[in-house]
Structures are given as C-alpha cells and as structure tokens.
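Read the figures in this text as sums done on the coordinates, not as results from a lab. As the structure is a prediction and not an experimental result, all values here were calculated from the model. Here the Cβ positions follow ideal geometry from the backbone for every residue, glycine too, while neighbour counts run over all protein chains shown.
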Amino acid sequence: MHAVGGGCINEAMRLETTAGDYFVKWNGAQRHPGMFEAEVEGLELLREAGEIEVPEVLLCFSKEKRGFLLLQFIHPGKRESNFFHDFGRRLSKLHRHSADKFGLLYNNFIGSLPQSNNQYDSWAEFFIAQRLGPQVELVGSRQYAVGKEFEKLFKRLPEIFPEEKPSLLHGDLWSGNFMTGTQGTACIFDPAVYYGHREMDIAMTKLFGGFDQSFYDGYNEEFPLEKGWQERVDICNLYPLLVHVNLFGGSYLADVQRILGRF
C-alpha cells in the first residue's frame with residue numbers, strides 16, 4: 001500500500017494486489033453522508049458518455065462510520081504531444097451530451113459542500129437558484145456582505161449568457177482533477193456533474209492559471225463557443241470562488257468583489 005494525494009477532504013492510497021492496482025479513498029461517512037455515492041453516480045455518467053477516460057468504479061461502501069470508494073488505478077502514461085488539443089476536442093464532445101433541463105435528478109457535492117441540482121428550464125434561473133444563491137446565502141452567514149451586489153447581477157444574468165442547450169459538465173474541472181491516462185490522453189476524476197451551461201467548465205479551467213492554449217483551440221474547432229465567452233469567464237467563476245470563500249475563508253472574497261465591480 002502507498003499513500004497518495006486524496007485532496008483536503010479524503011484520505012487515499014494506492015492498493016497493490018496480485019490482481020492489479022487499485023485506488024481507494026475514505027472519509028468520515030457521518031461527516032459527509034452520501035458523498036461517495038454521489039461521486040459514483042457522476043463518474044458513471046461521465047463514463048457512459050464515452051468521450052474522455054474516467055476511472056472505473058469498483059466498489060462503494062461504508063463500515064464503522066467511514067465511507068470507502070474503490071476505483072480503478074490509472075497508471076500515468078507518456079503524454080501525447082497533442083495532449084491539450086485532444087483534451088479540448090474530447091471535452092467539447094462531452095458537452096454535446098445534453099438533457100431537457102438544467103440540473104440533475106440527484107444532488108451531489110462541490111468539494112465538501114452540498115450541491116443542489118433541482119432542475120430548471122432556464123440557465124439563468126438555475127444559476128441563480130442552485131449555484132450562486134445558496135453560496136451567497138452561506139457567505140452572508142459568515143458575515144461577508146455581498147448580497148446587494150449579487151442582487152444587481154441577478155437581474156442582468158438572463159441577458160449576459162447566450163441561450164444554449166444544457167451540456168453534461170464535469171463541474172469541477174481544474175488542473176487537480178485531470179491527469180495523463182495510460183494511453184497518453186486526458187483522464188478526468190473527482191467530478192461535480194450536472195447539466196449546465198458549457199462555459200462553466202471552460203471558465204473553471206481558467207480559474208487557477210488556465211490550460212494550454214491548444215486546449216481551447218481544440219475545443220473551438222470541434223464545438224465553437226459563442227462570441228464573448230472570454231468576457232463571461234469571470235461571471236461563471238463566481239460560483240467556484242464563492243465555494244472557496246465558504247470552504248477556505250475570506251482570502252478569495254477580493255476576487256468575488258472585483259468581478260462584481262465590473263458588472
């Protein structure tokens with residue numbers, strides 16, 4: 001057994017057996033009830049789409065107040081020279097998988113925070129009611145006053161985003177949630193899936209520095225983003241930034257206030 005990174009929520013290890021290697025992670029099931037079960041649903045939804053490599057789920061169970069998740073262990077391969085271009089194309093194909101409404105049939109998590117996915121016909125309504133609104137309320141409970149600024153933004157959201165069909169999203173697509181898979185192409189994991197506006201995934205890739213430019217080139221060659229998407233990146237990233245404020249404290253609040261000041 002070898003300890004591996006499990007993020008700030010879970011403990012994790014690589015389990016070596018005569019039948020092969022596995023990735024196992026665990027946490028306090030009472031502290032995060034249903035977390036791994038929701039992750040299983042998300043991983044399987046992404047795997048069923050068949051566009052990007054996703055670890056296979058082998059087992060999910062609880063024992064003595066702890067939850068465990070056993071996954072296929074992905075052995076890193078040699079990264080292909082066109083890795084990011086191919087990654088962008090694959091993500092665009094994932095985003096073509098759609099649904100009738102924005103949201104999902106079940107709730108899940110973003111980090112360790114509950115993520116509600118009640119379904120809506122309108123992206124703006126979903127984004128306000130299921131993404132920004134709950135995080136703003138939680139921020140307010142921590143004595144950070146941003147509610148009035150968000151009320152102004154909420155009135156403008158329907159005119160900011162272009163109308164598109166809901167896309168199947170990874171939901172938490174930053175550099176820590178993908179790796180080079182065995183075949184040298186991208187493998188994604190730790191999702192917070194739902195059907196949403198595809199610019200949410202694109203924006204998240206830019207939150208902590210951005211992916212290689214060829215990623216965005218590959219995406220736009222396959223499924224071009226609507227004009228002005230670069231200007232909407234900050235609006236999309238208000239959600240993960242608010243999540244970070246609520247998980248890690250006020251150091252992220254300045255970025256939220258900067259974005260609100262622009263709009």
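Say we join alpha carbon atoms closer than 10 Å with springs in a Gaussian network model of the chain; which of K152, K93, K63 then has the biggest fluctuation?
Of the options given, K63 has the highest mean-square fluctuation.
For the chain, what's the radius of gyration and Dmax over Cα atoms, in angstrom?
Considering the chain through its Cα atoms, Rg and Dmax are 18.5, 59 Å.
Can you list the residues, at least 5 places off or on another chain, whose amide H is less than 5 Å from the amide H of E53, using H built in the peptide plane?
Amide H to amide H, under 5 Å and 5 or more residues apart or across chains, E53 pairs with I188.
Show the residues, 5+ positions off or on another chain, whose built amide H is closer than 5 Å to the amide H of R66.
A29
Would you look at the GNM of the chain, springs on alpha carbons closer than 10 Å, and say which of Y194, Y216, Y106 moves the most?
With Cα springs under 10 Å in the chain, the top fluctuation among Y194, Y216, Y106 is at Y106.
What list of ³J(HN,Hα) values in whole Hz, one per residue of the stretch 215-227 in order, does the Karplus curve 6.51 cos²θ - 1.76 cosθ + 1.60 (θ = phi - 60°) give from phi, with Gly and Pro shown as x?
In residue order, the calculated couplings are 4, 6, 5, x, 4, 5, 5, 8, 8, x, 6, 5, 3 Hz.
So how much slack lies between Y106 and V40, counting 0.36 nm per residue of separation and subtracting their Cα-Cα distance, in nm? Spell out each step's value before the answer.
Values: separation 66, 0.36 × 66 = 23.76 nm, distance 1.19 nm.
Gain on stretching Y106 to V40: 22.6 nm.
Could you run the Karplus curve 6.51 cos²θ - 1.76 cosθ + 1.60 with θ = phi - 60° over the stretch 30-37 and give me ³J(HN,Hα) per residue in whole Hz, x for Gly and Pro?
These are the phi-based 3J(HN,Hα) values: 6, 6, 10, x, x, 4, 5, 4 Hz.
Classify the stretch 169-211: rounded, prolate or oblate, from the alpha-carbon gyration tensor (a ≥ b ≥ c, eigenvalue square roots; a/c under 1.5 rounded; otherwise prolate if a/b is larger than b/c)? Please list the in-between numbers first.
Details: a/c = 2.22, a/b = 1.41, b/c = 1.57.
Oblate, since a/c reaches 1.5 and b/c is not below a/b.
Roughly how tilted is helix 147-160, in degrees to the nearest 10 and between 0 and 90, from the longest Cα axis of the chain?
90 degrees
Can you compute the FRET efficiency between F263 and E222 using 1/(1 + (r/R0)^6), with r the Cβ-Cβ distance and R0 = 22 Å? Round to the nearest 0.05. Present the calculation step by step, with values, prior to reporting the outcome.
On the way: r = 30 Å, r/R0 = 1.35.
The calculated FRET efficiency here is 0.15.
For the chain, with only Lys/Arg (+1) and Asp/Glu (-1) charged at the beta-carbon, what is the dipole magnitude about the Cα centre, in debye rounded to 20? Please list the in-between numbers first.
Details: 27 positive and 35 negative charges, 133 e Å.
For the chain, the charge dipole is close to 640 debye.
Stretch E80-Q213 to full length: gain in nm at 0.36 nm per residue minus the Cα-Cα span?
On the way: separation 133, 0.36 × 133 = 47.88 nm, distance 1.55 nm.
46.3 nm is the gain from fully extending E80 to Q213.
Only Cα pairs within less than 10 Å get springs; with that Gaussian network setup on the chain, which residue of T180, T205, T18 has the largest fluctuation?
Result for the chain, Cα springs under 10 Å: T18 fluctuates most.
Using alpha carbons only, how many degrees (0 to 90, rounded to 10) separate the axis of helix 253-262 from the longest principal axis of the chain?
Helix 253-262 sits roughly 40 degrees off the main axis of the chain.
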